[in-house]
Amino acid sequence: MDNIILSGMLKEFVIRHDLQQDKDDKQFEKFTNYCLLKADHYDSFDFEKVDTGACMGIDGVGISIGGVLIDEVDDVEQFTKNQFSAKFYFTQAKTSSSFDLGDFLKFSGTVKLFFGLDASVIPNELKRAFEIKSVIYSRAGKMATLPTIELCYAFPGTFNKATAQATPLIENEIESLRAVRYLSSHVNWRVSDGEELAKLYRETQNDIQKEISFQRHVALPGIKGASAAYIGVVKCLDYVKLIQKENEELNKGLFFENVRDFLGINNPVNEDIATTINSPDERDRFAILNNGVTIVAKKVTPSGDFFKISQFQVVNGCQTSHVLFKNKDALSSDMYLTVKVIETADVDLSGQIISTTNSQSLVVKEAFATIKPYHRKLEDFFAAMRNSNYEYYYERRPHQYDHQDIRHNLIVTAPALIKSFVSVVLEEPHKVHYYYGTLLEQYNRDKFSELFSDSDYAGLYFAAHHLASKVKISIASTPTMKEWAFHVSLLVKKQIAPLLSKKSNLGDRQFLSTLAIIDKEFKTAFDFSIKIITDLNLPLKRNRDPEVTRRILQSLNDKQFPGGASKFDALGVSGKKTFAKERNARRESRSIPNKNIASSGGSIAEVANIKLGNGTYSGIVYEINSDDGIIKISYGPYKIEVEKYISAMTYPEIGSRIQFSANSGRYIQMQ
């Protein structure tokens, strides 16, 4: 690849996403799909969802309903119960530095086949997407408008005037797709060359810095957690420039943290906004007729009336923003919008702003599940385990770790954690392919299966993810097993970590014991799990069938206890031995002399058996010794004694979260 800038980005991308085992062309395909789809579908994008394998003519298919990428027919049914909007994305990526018109025409020809009626001519790699498409059109009565179709051809060269001579031929080809009645509201195409791909990649990292004229602004009084806050008015024309991408499309990634997706131009409220915009007598009153928008940014640099805003999200005002963008040709220079800009890197303040400014909404997006206080507990737990060399980072808020040198496979998102938990703890790996919002809705109907319940021990989520992560890494050398990764995770759990269950009342000591067993016995259990699935000779694409999960578990049970002698006994990893080890570990912990043992959540936990490097940490208060001025806190699965910073300070409440500093092995409460 001749493009030095893009080559550097691609190399960084490959390392961060652990794609070194892929061939160069496949790496570029994944890079292209990521650049084109990730920013607008932050929580639902997945390489596997859009990848088309060895399909000729198309390298990626993304089907979006209401802003969520879907690859399951069951999810389509869930997302089309009410009025909906749909969008089809098709990508083709070529590593050649020159644009090839013939390749583009093959690409568009395959897209036309996809929208035909004859399923027999559809490549196998597109069969599922074709079925999803058919279901979407069968529910046309609930479509807010006909779907949009996007075709994007990407290559690392330059699409200049010479290559642009192909435009009339491409337009003629696309026009034949536009001419199909009742198929689409728009069919758009574009060629993303090296320069545009580089800009799109920066946008996926939320690496955006824009300047805006912020007239008649005032600084708000100091706010705890915010470096600065301002309120003022911005010309609507300038605001539209702020929220659009370099290619002048709306940057939907800026609105991920809104409670509601865009409700459509035909929504009554949005119709009123559009009417005001298009009315010569009312447009100059727009600023007082509209509630305005709220922007949260990592960095705000004012210079007179001009503000540079970096790494920002529009956390309130999704509807207003979309309507302004869709009506940008009708905007006049005398139209203004009220804007609040808040500079903060505090994810808690950001979440509070999002929750408060959207309190009028009755429809809460699944992404807002991570605003719950429980996710702070998870983040703290994961942070504590990094001191025990488990390098995972729980991402409570989108883009939380974008600008830190952390490999992508170490960042754990809520959707990823749900998959691990559902497969390992809830033992239903056949469901993990559903959109995580669907899983939240299904499991949270019953308090006994609730995800992210306040009563859940955080170590359950950590251990489930650790086990699933080890399986994912190990299974990379066996590509044919990739679709069974979550089933393998369940099999490994059943052999060596049976306490990973909501019913087990897992506590700190049992968690640490279980984690140690996972690390020690993993390979033997993993190899045997692979053998079980291989021996069953299961049909392809049956990993979503609950009956197949039952068969796999039955096979494990049959092989584990043949004639009373377990094969695992010979290997040293039987379920019986696992329970025995954990029981002995618990007995041993009670007999160790000179250990300060404290009860925590029904479990036995060793106090201060971890040494922290100098720095600042957070933990939960579980006991207070006022005579000695000692506060005992839970730091992940560990217990630590913290000294009061000032003797006159008021003691915190049991269960509250406090910060403390570590200095040469001494832990002191921070003010």
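Nothing in this text is a laboratory measurement; each read-out follows from the coordinates by a stated rule. Computed from a predicted model, the values in this text were never measured in an experiment. Glycine gets a Cβ as well: all are built from the backbone with ideal geometry, and neighbour counts include every protein chain shown.
Of the residues Asn290, Gly66, Gly109, the one whose Cα sits farthest toward the positive end of the charge dipole of the chain, with +1 on the Cβ of Lys and Arg and -1 on the Cβ of Asp and Glu, is Gly66.
Taking 28 Å as the limit for the C-alpha separation, the pairs Lys81/Lys252; Lys30/Lys308; Lys11/Lys245; Lys38/Lys308 exceed it in the case of Lys30/Lys308.
Here Rg and Dmax of the Cα atoms in Å was calculated from the structure, and among (1) 29.7, 90; (2) 34.7, 123; (3) 27.4, 87 it sits at label (3). Across the cross-link table entries Lys142/Lys298; Lys494/Lys632; Lys482/Lys520, which are compared at the Cα atoms, the separations over 28 Å belong to Lys142/Lys298; Lys494/Lys632. Most tightly packed first, judged by the mean number of other beta-carbon atoms within 10 Å of their residues, the peptides 631-639, 403-411 read 631-639, 403-411. Full extension of the chain between Lys199 and Ser213 gives 2.8 nm of extra length, using 0.36 nm per residue less the Cα-Cα distance. Among 209-215, 166-172, sorting by the average number of other beta carbon atoms lying within 10 angstrom of each residue, highest first, gives 209-215, 166-172. Translational diffusion of region 8-111 was estimated from the Stokes-Einstein equation, with Rh taken as the Kirkwood radius over Cα pairs; at 25 °C and 0.890 mPa s the coefficient is 165 µm²/s. Listed by chain and number, the aspartates and glutamates placed with their C-alpha closer than 13 angstrom to that of Lys639 are Asp508, Glu606, Glu623; residues fewer than eight positions away on the same chain are left out.
Backbone phi angles across region 446-451, fed through the Karplus curve with coefficients 6.51, -1.76 and 1.60 (θ = phi - 60°), yield HN-Hα couplings of 10, 5, 7, 10, 4, 8 Hz in residue order; Gly and Pro are listed as x.
The amide H of Leu69, built 1.01 Å from its N in the peptide plane, has Ser44 as neighbours under 5 Å, considering only residues 5 or more places off or on other chains. Once the Cα atoms are used to define both axes, helix 414-424 deviates from the longest principal axis of the chain by about 50 degrees.
Once the chain from Val180 to Val135 is taken as fully extended at 0.36 nm per residue, the excess over their C-alpha distance is 14.4 nm.
Please give the helix 268-277 orientation as an angle from the longest Cα principal axis of the chain, in degrees from 0 to 90, rounded to the nearest 10. That works out to roughly 50 degrees. Taking label points 7 Å from Cα along the Cα-to-Cβ direction, Asn409 and Asp454 give a separation of 3.8 nm. Taking θ as phi - 60° and the Karplus parameters 6.51, -1.76 and 1.60, the scalar couplings of region 5-15 work out to 4, 5, 4, x, 5, 5, 4, 4, 4, 4, 5 Hz in sequence order, x denoting glycine and proline. Taking all Cα pairs closer than 8 Å and separated by 6 or more residues, the relative contact order of region 4-204 comes to 24 percent.
Considering only the other residues whose Cβ falls under 13 Å of the Cβ of Lys142, what net charge follows from Lys and Arg at +1 and Asp and Glu at -1? Residues close to Lys142 contribute a combined charge of +1. Think of each Lys and Arg Cβ as +1 and each Asp and Glu Cβ as -1; about the Cα centre, that makes the dipole of the chain roughly 1900 debye. Relative contact order of the chain: 9 percent, from C-alpha pairs under 8 Å at least 6 residues apart in sequence.
In region 520-561, the C-alpha radius of gyration followed by the widest Cα-Cα span (Dmax) gives 11.0, 32 angstrom. Only Cα pairs under 8 Å and 6+ residues apart enter the sum, and on that basis the relative contact order of region 47-119 stands at 32 percent. A protection proxy built from the mean count of other Cβ atoms within 10 Å ranks the segments 17-30, 59-72, most packed first, as 59-72, 17-30.
Compute the long axis of helix 508-536 from its Cα atoms, compare it with the longest principal axis of the Cα atoms of the chain, and write down the angle in degrees, 0 to 90, nearest 10. Between helix and principal axis, roughly 60 degrees.
Considering helices alone, the calculated mean residue ellipticity of the chain at 222 nm is -11500 deg cm²/dmol, with DSSP H runs of length four and up weighted by -39500 (n - 2.57) and normalised per residue.
Using the Karplus relation 6.51 cos²θ - 1.76 cosθ + 1.60 with θ = phi - 60°, the per-residue 3J(HN,Hα) values for region 655-662 come to x, 7, 9, 10, 9, 9, 10, 10 Hz, with x marking Gly and Pro.
Straightening the chain between Val269 and Asp18 buys 85.8 nm, computed as 0.36 nm per residue apart minus the Cα-Cα spacing.
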